[in-house]
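The values are calculated or read from the model by the stated rules, or taken from the named source; none is laboratory data. Just so it is clear, the model here is predicted, and its values are computed rather than measured. Glycine also receives a Cβ, built like all others from the backbone with ideal geometry; neighbour counts cover every protein chain displayed.
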Amino acid sequence: MSDPVRRCIATGQTRKKEELLRFVVSPDGLLVLDIRGKLPGRGIWISCSRTDIELACKKGLFSRSAKQKITVPESLAESVENALAARCLNTLGLGRRSGLVKTGFAKVEASLKAGKAAVLLAANDGSEDGRKKLRWLAASLPIVELFSSAELSQALGQGNSVHASLVRGGLTDKFLVEVSKLAGFRNQDDEGERTGSE
């Protein structure tokens, strides 16, 4: 059975539902991000991209898709980015509490060498030397460098978290889906940096 698909209001492209963001219109006409995909109402689907959201706001595509005049919040793209980042970091924190996350250079390096890691996380403001060494070990794994050390530290409940790894499992798959959405808002320009499931 194939995955359900929806059409992006900004690009017109058809994609799997988990690759898009869903919005709904509240009873009082306000556009609301449905980050969990469970709110009632007809969904308005758009690509996980700051550019596409800004285009949709500028051209009134949300109102056109809803077939009614709706109120679009100020700085919608920024609030979506914040919501996606919070969801990713909450999932990461849940993984830590479940014992699925290794932190610290030595533990992450050991998990990569042992083949236990499924995803490498490195703070985007961490030492380039340390990130390079771990990137080399994680050559075939998804590498996520979307978060600052402060964000990782808060999510993991530890000070100065720069490196982390996740083991295989359902929570890791969920994290990768969420990170792939966030990547459309926080660009990774350096060669070799990747997000999403590969």
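Just a few scattered comments:
- Residue 121 part of a strand (DSSP E or B), modelled with pLDDT of 95 or more and not assigned by TED's automatic domain parsing to the domain that holds residue 53: yes
- Leading residue by the ranking (nearest to the chain's Cα centre (by Cα)) among those in segment 136-158 that are more than 14 Å from residue 126 (Cα to Cα) and assigned to a loop (DSSP other than H, G, I, E, B): 142
- Among the residues listed as 26, 49, the single one being small (Gly, Ala, Ser) and free of Cβ contacts under 8 Å to residues at least 40 places away in the same chain: 26
- Applying the criterion of being in contact with a helix residue (DSSP H, G or I) (Cβ under 9 Å, 6 or more places away or on another chain) and surrounded by fewer than 19 Cβ atoms within 10 Å (Cβ to Cβ) to the residues of segment 142-165, the residue that is nearest to residue 179 (Cα to Cα) is 154.
- Residue match in segment 59-70 (condition: closer than 23 Å to residue 37 by Cβ, under 20 Å from the mean Cα position of the chain (by Cα) and surrounded by 20 or more Cβ atoms within 10 Å (Cβ to Cβ)): no
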